[in-house]
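Trainee: The structure is given below, and queries will be raised subsequently.
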Amino acid sequence: MQSLEGARRPQQRRLIVLTAVAVALLFAGIAARSPAASAGGVGKWTNLSGATGSNLTQVGLVATPNGILHVAWIRDAATPGLQDLLYRTVNASGAFGAMQVVQANWSVLNDPALVYDPSAAQLGIVFSGMRSTNPGEVYDGLTVTISSNGGASWALDPSGVFDPPGSSAYASPISAIAGGGVQFSTWYGSDGVWVLRGVSGSTAAYDYQHSPTDLGNYGYYPNFGLDKNGTLWLVWASNGTGHSGLWADTVNQTTGAPVGPQVMLPNSTTSYGGAPQFDMMTSKVAVTGRPKGTGVYVAYTTGYPSTNKVRVWHLTTAKITSTVVAKGSAEKGQTAIAAGPDGRIWVVWSQSSLSGRDRVYVRRSNTAATAFGPAKYYSTPAGYTGVYHLAAIVRHGKLDVLAHLGGTKGLATWHIQFKAPK
C-alpha cells in the first residue's frame, strides 16, 4: 500500500472539463516523448504511457460504442516542475493510437477522468489543476471548443472552467460519469468527499463525507457506479474516527445531493487489537454497474495488518452482500472491476509473489454474477516489480487491464488483455 505522504500537489486546484464530439475516430496527434504505437494484445504487456515520473499516476478510461478504448493520464513535463495531460486510444486488438499532448506545461495537474455521453455523442476529459502560478497567467477564463474529429484535437471551454464549489480538489484524482445526459464529477479535499452535477461553477457541490451523517475527517478516492435502472452510486474510503472503512450512498440526479443515509460496506474493516482496522488504498475505489441485474459492484482488499483478501460487494438499495474472491497469505495490493454486456463481472487484483515481481490476477463471474471461475494471472514485465494502480474495462469479449507499474525501469502505465476463458 502507498503512503498518503506521497501526495504530490499543492492545495489550490480548479476543476476543468475538456470535451470532444466522437464523430470520426481519426486519432492523429502529437507524439512527444512517447513509445511508438504497438500491437499489444492478449497476454502481452505493452507500455502505454511512457515514463510518468510518479507512482501516483491513475489513468482515466472509457470505451465508445464503436469499441475504441480512450485513455488519459498525466506525466512530468520536459520542463522540470511542470506537468502534461496526455491521451491515446487502444483498438480491439490492443494496438495503440498516436499519443497526444492535450495540455502541456501546467503548474499542477490532477489525475483525469474520461466520460462519454451517448445522447450527445460527446467525449470528455475531466481533470483539475493550475495552469500557472504567475500573476495574470492562472488558467481562469480559458476557453473550450467542441471537436468534430472525435478526439484528434482538444480545447478548453469557458463553461467548463471554474473553482470547485465547496472544496479545493487537494491532491485528488477526479472521477466522472455521464448519467442521463448529465455529467457528474467527484473528488475529495478539505476534509470532504464532493459531488457536482453538471459543469457550472454556480451549482452547489455536496459533501458526502459529512452529510447526512458526519463521518468525521477524512474521506478519500470516491468513484461512481451507475446501475442498469439509472441509480447512481458513490463509493469512497473513509478514515474518520469511528467511521473507517468503505462507505456508499446514492446520488440525487436532479441536484447531486446525497439521498442518504450513508451506508458502510460490511466487512470492509478487520478486527485487530480489539478495534476495527482499515488499510486504505491510494486509488479510486473500484466500482462498476452491470448491464443485467440491479445494483453496482465494488472490489477492494481487506485484512489487517496484511491485506490478504479481495472482496466483492453487490450494492442495491435493498441490501448489500459480499463475496471473497481471493485469499491466502500473499499480500493483495490494488483492485479493479468491470462488467461485460453478458452480465459477467471481471475482478482484477495485484498480488505479491516470491519472484519479487507482482502478479496481476483476474477472475470472471457467471452471467448471473453469483459465482466466479478460476483465477488467471500474468507477472509484471521484467524490470517492473510493483503495481501501484489498476483500471479495467471489457470490450469484444476480452478484458483490457491498465496497470501503473514501478521498478528498476522506472514508472509507467502498461496495458495487457485477458481472454475470456472457454
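Trainee: If I filter region 330-349 for residues that are more than 19 Å from the chain's Cα centre (by Cα) and polar (S, T, N, Q), do I get at least one hit?
Mentor: Pass one, region 330-349, residues more than 19 Å from the chain's Cα centre (by Cα): 330-331, 341-344.
Restricting the remaining residues to those that are polar (S, T, N, Q) gives none.
No, region 330-349 contains no residue that is more than 19 Å from the chain's Cα centre (by Cα) and polar (S, T, N, Q).
Trainee: While we're here: Name the single residue, out of those in region 213-238 being assigned to a loop (DSSP other than H, G, I, E, B) and in contact with a His (Cβ under 9 Å, 6 or more places away or on another chain), that is surrounded by the fewest Cβ atoms within 10 Å (Cβ to Cβ).
Mentor: So in region 213-238, the residues assigned to a loop (DSSP other than H, G, I, E, B) come out as 213-218, 227-231.
Subset that is in contact with a His (Cβ under 9 Å, 6 or more places away or on another chain): 213-217.
Values: T213: 16, D214: 12, L215: 24, G216: 16, N217: 15.
Ranking the candidates gives D214 first.
Trainee: Given Y300, Y272, which one is within 16 Å of the chain's Cα centre (by Cα) and either modelled with pLDDT under 95 or assigned by TED's automatic domain parsing to the domain that holds A338 (or both)?
Mentor: Result of the check over Y300, Y272: Y300.
Trainee: To continue, here is another question. Please verify whether V193 is modelled with pLDDT under 80, touching an Asp or Glu at 6+ places or on another chain (Cβ under 8 Å) and part of a strand (DSSP E or B), treating the condition exactly as stated.
Mentor: Working: modelled with pLDDT under 80: no; touching an Asp or Glu at 6+ places or on another chain (Cβ under 8 Å): yes; part of a strand (DSSP E or B): yes.
Criteria not met by V193.
Trainee: Taking S38 as the residue in question, decide whether it is in the same structural domain as I125 (by TED's automatic domain parsing) and either modelled with pLDDT under 95 or in a strand (DSSP E or B) (or both). Outline the logic, then answer.
Mentor: On the way: in the same structural domain as I125 (by TED's automatic domain parsing): yes; either modelled with pLDDT under 95 or in a strand (DSSP E or B) (or both): yes.
So S38 fits the description; yes.
Trainee: Mind checking which residues of region 408-422 are on the phi < 0 side of the Ramachandran plot and modelled with pLDDT of 95 or more? Steps first, please.
Mentor: Going through region 408-422, the residues on the phi < 0 side of the Ramachandran plot turn out to be 408-409, 411-422.
Answer for region 408-422, where residues must be on the phi < 0 side of the Ramachandran plot and modelled with pLDDT of 95 or more: T408, K409, L411, A412, T413, W414, H415, I416, Q417, F418.
Trainee: With respect to the numbered conditions (1) surrounded by fewer than 20 Cβ atoms within 10 Å (Cβ to Cβ); (2) among the small types (G, A, S); (3) closer than 25 Å to V71 by Cα, which one is the sole condition not fulfilled by A336?
Mentor: Result: A336 fails condition (1) only.
Trainee: Name every residue in region 239-267 that is closer than 20 Å to K319 by Cβ and in a loop (DSSP other than H, G, I, E, B), in order of residue number.
Mentor: If we filter region 239-267 for residues that are closer than 20 Å to K319 by Cβ, which is where we start, we get 245-251, 258-267.
Of everything in region 239-267, those that are closer than 20 Å to K319 by Cβ and in a loop (DSSP other than H, G, I, E, B) turn out to be V259, G260, P261, Q262, L265, P266, N267.
Trainee: Those residues that are in contact with a strand residue (DSSP E or B) (Cβ under 8 Å, 6 or more places away or on another chain), without any contact (Cβ under 8 Å) to a residue 60 or more places away in the chain and among the small types (G, A, S), I need them from region 42-83; list them, please.
Mentor: A72, A77
Trainee: Within region 367-382, take every residue that is surrounded by 13 or more Cβ atoms within 10 Å (Cβ to Cβ) and of a type in the set (G, A, S) and give me the one that is nearest to V401 (Cα to Cα). Break it down into steps so the answer makes sense when it comes.
Mentor: Within region 367-382, the subset surrounded by 13 or more Cβ atoms within 10 Å (Cβ to Cβ) is 369, 372-373, 375-381.
Cutting the leftovers down to of a type in the set (G, A, S) gives us 369, 373, 375, 379.
Details: A369: 20, G373: 18, A375: 15, S379: 13 Å.
Ranking the candidates gives S379 first.
Trainee: Still on this structure, please answer the following. Pull up region 295-320, narrow it to residues that are part of a loop (DSSP other than H, G, I, E, B) and of a type outside the set (G, A, S), then point me to the one that is nearest to V259 (Cα to Cα).
Mentor: Filtering region 295-320 for residues that are part of a loop (DSSP other than H, G, I, E, B) and of a type outside the set (G, A, S), the one nearest to V259 (Cα to Cα) comes out as T317.
Trainee: Further, regarding this structure: Any chance region 178-196 includes a residue that's surrounded by fewer than 23 Cβ atoms within 10 Å (Cβ to Cβ), under 18 Å from the mean Cα position of the chain (by Cα), of a type in the set (G, A, S) and closer than 12 Å to V251 by Cβ?
Mentor: yes
Trainee: Quick one: is D227 touching a Gly at 6+ places or on another chain (Cβ under 9 Å), in contact (Cβ under 8 Å) with a residue 60 or more places away in the chain, farther than 14 Å from T269 by Cα and acidic (D, E)?
Mentor: Details: touching a Gly at 6+ places or on another chain (Cβ under 9 Å): yes; in contact (Cβ under 8 Å) with a residue 60 or more places away in the chain: yes; farther than 14 Å from T269 by Cα: yes; acidic (D, E): yes.
In short, yes.
Trainee: From the list R363, R357, which residue is surrounded by 15 or more Cβ atoms within 10 Å (Cβ to Cβ) and within 22 Å of G94 (Cα to Cα)? It would help to see each step written out before you state the result.
Mentor: Details: R357 fails: within 22 Å of G94 (Cα to Cα).
After applying the criteria, what remains is R363.
The values are calculated or read from the model by the stated rules, or taken from the named source; none is laboratory data. The structure displayed is predicted, hence computed values, not measured ones. Because the Cβ atoms are built from the backbone with ideal geometry, glycine has one as well, and the counts that use them run over all protein chains shown.
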